[in-house]
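What follows is one structure encoded as structure tokens, with my remarks underneath.
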Amino acid sequence: MRYLLRNLGFYLLAFWASITLNFLLPRLMPGDPVSRMFARSQSRMQPEQIEQIRRLFGLDDRPMWRQYIDYIGDVCTGNMGISLSRFPTPVSEVIASQIGWTLLLGGTALVIAVVIGNLLGILAAWRRGGVLDSVFPPLLVFAGSFPYFWLAMGALYLFGMVLGWFPLRHAFDVGLSPELSWTFITNASSHLVLPALTIVLVSVGGWMLGMRNTMIATAAEDYITMAEAKGLSTGRIMFRYAARNAMLPSVTNFGMALGFVVGGALLTEVVFAYPGVGFQLLAAVQGLDYPLMQGIFLTITAAVLVANFLVDLVYVRLDPRVRVR
């Protein structure tokens, strides 16, 4: 418990630092979003309207410390401000409407890549020099050397345009509305295949190599030799003794990757016009939508910190040595 509470304190401190940076960066940049809105309106806004909008976005003439306290209070209550590019929609509603699709795409691709990559790494290390160990690592590394968007465009052209097996864009067909029905689920799944496949192909090689290398080092430990001397089955030694201990670095990497899933595979979402946080972040940057950028950055930071804290909880269960720190 002392170990977990200490780590929780570190994560809360990191979250406070991210909130502070999120508050300062837009205010230290030249200009402000209200001036941009005023320029877009071609001077049709009255001075009173400009002042009201500046107060709405927390950019009025109040002292900086007062703005900071109000900003902390707004963040703690879930109020991230109003989006400029989708005015007057609140930032929290914009993110909430997109984050589900990002979690679906990134989470599905991450789980598939982790399961397949770790399983291949375990089998390849246990049968070193075999076909699996000789063929798959260089093949997957070669596939992983290509960037997301290149594979995405290639898959889109081949399987979407030439063969017509999968849809070309969006998360579901035009005319459908999100609902819990078999028709919508199958339609959304067909739209999910290509973007998820490109992410899996690029990332599965790294998971396999990481697990293979750790598994080889673990298989040389004395307790593996002892388990073999006791006459335990090969499957039990491989999974219960070797793989469980070799899995610890993968758990850490999974926690980091799970946090960054919220950021979305930006280029993949752009290629497939897939609605998600990454695609929305690109639109916010292009439109200089500072409140939306702040909200997305803060959401990504919180997701990474929460995911790492969950990894710490899993570590306490997997590694008994952590409990005596």
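The values are calculated or read from the model by the stated rules, or taken from the named source; none is laboratory data. Every value quoted in this text rests on a predicted model; they were computed, and no experiment measured them. As a convention, Cβ positions derive from the backbone with ideal geometry for all residues, glycine included, and neighbour counts pool all protein chains shown. Ligands, DNA and RNA are stripped out before the accessible areas are found, and what is left, the full protein with its side chains, is counted by its heavy atoms. Shrake-Rupley method; radii C 1.70, N 1.55, O 1.52, S 1.80 Å.
All conditions in (1) open to solvent by 40 Å² or more (accessible area, probe 1.4 Å); (2) modelled with pLDDT of 80 or more; (3) touching a Pro at 6+ places or on another chain (Cβ under 7 Å) hold for Leu105, with the sole exception of (1).
Residue under question is Leu176, and the condition is that it be at pLDDT below 75, not charged (D, E, K, R) and not in a helix (DSSP H, G or I); does it hold? So Leu176 passes the test.
Report yes if Leu201 is in contact with a helix residue (DSSP H, G or I) (Cβ under 9 Å, 6 or more places away or on another chain) and more than 17 Å from Ala124 (Cα to Cα), otherwise no. Walk me through it before giving the result.
Working: in contact with a helix residue (DSSP H, G or I) (Cβ under 9 Å, 6 or more places away or on another chain): yes; more than 17 Å from Ala124 (Cα to Cα): yes.
In short, yes.
Comparison of Phe184, Phe146, Phe172 shows that the only residue that is among the aromatic types (Phe, Trp, Tyr), closer than 30 Å to Gly276 by Cβ, touching a residue at least 12 places away in the same chain (Cβ under 8 Å) and loosely packed, with under 15 Cβ neighbours inside 10 Å is Phe146.
The set of residues in the stretch 81-102 being under 22 Å from the mean Cα position of the chain (by Cα), open to solvent by 60 Å² or more (accessible area, probe 1.4 Å) and not small (Gly, Ala, Ser) consists of Glu93 alone.
Here Gly78 does not qualify as part of a helix (DSSP H, G or I), open to solvent by less than 60 Å² (accessible area, probe 1.4 Å) and out of contact with any Pro (no Cβ under 7 Å at 6 or more places or on another chain).
Being out of contact with any Ser or Thr (no Cβ under 6 Å at 6 or more places or on another chain), modelled with pLDDT of 70 or more and not in a helix (DSSP H, G or I): is that true of Pro30 here?
On the way: out of contact with any Ser or Thr (no Cβ under 6 Å at 6 or more places or on another chain): yes; modelled with pLDDT of 70 or more: no; not in a helix (DSSP H, G or I): yes.
Answer is no for this residue.
Residues that are polar (S, T, N, Q) and at pLDDT below 75 within the stretch 58-102 comprise just one, Ser85. Of the set (1) of a type in the set (Gly, Ala, Ser); (2) under 30 Å from Ala124 (Cα atoms); (3) out of contact with any helix residue (DSSP H, G or I) (no Cβ under 8 Å at 6 or more places or on another chain), all apply to Ala257 but (3). Here Gly164 clears all of (1) surrounded by 12 or more Cβ atoms within 10 Å (Cβ to Cβ); (2) not in a helix (DSSP H, G or I) except the condition numbered (1). Quick one: is Ser134 in a helix (DSSP H, G or I), open to solvent by 30 Å² or more (accessible area, probe 1.4 Å), farther than 15 Å from Thr198 by Cβ and in contact (Cβ under 8 Å) with a residue 24 or more places away in the chain? Considered against the rule, which asks whether it is in a helix (DSSP H, G or I), open to solvent by 30 Å² or more (accessible area, probe 1.4 Å), farther than 15 Å from Thr198 by Cβ and in contact (Cβ under 8 Å) with a residue 24 or more places away in the chain, Ser134 comes out as no.
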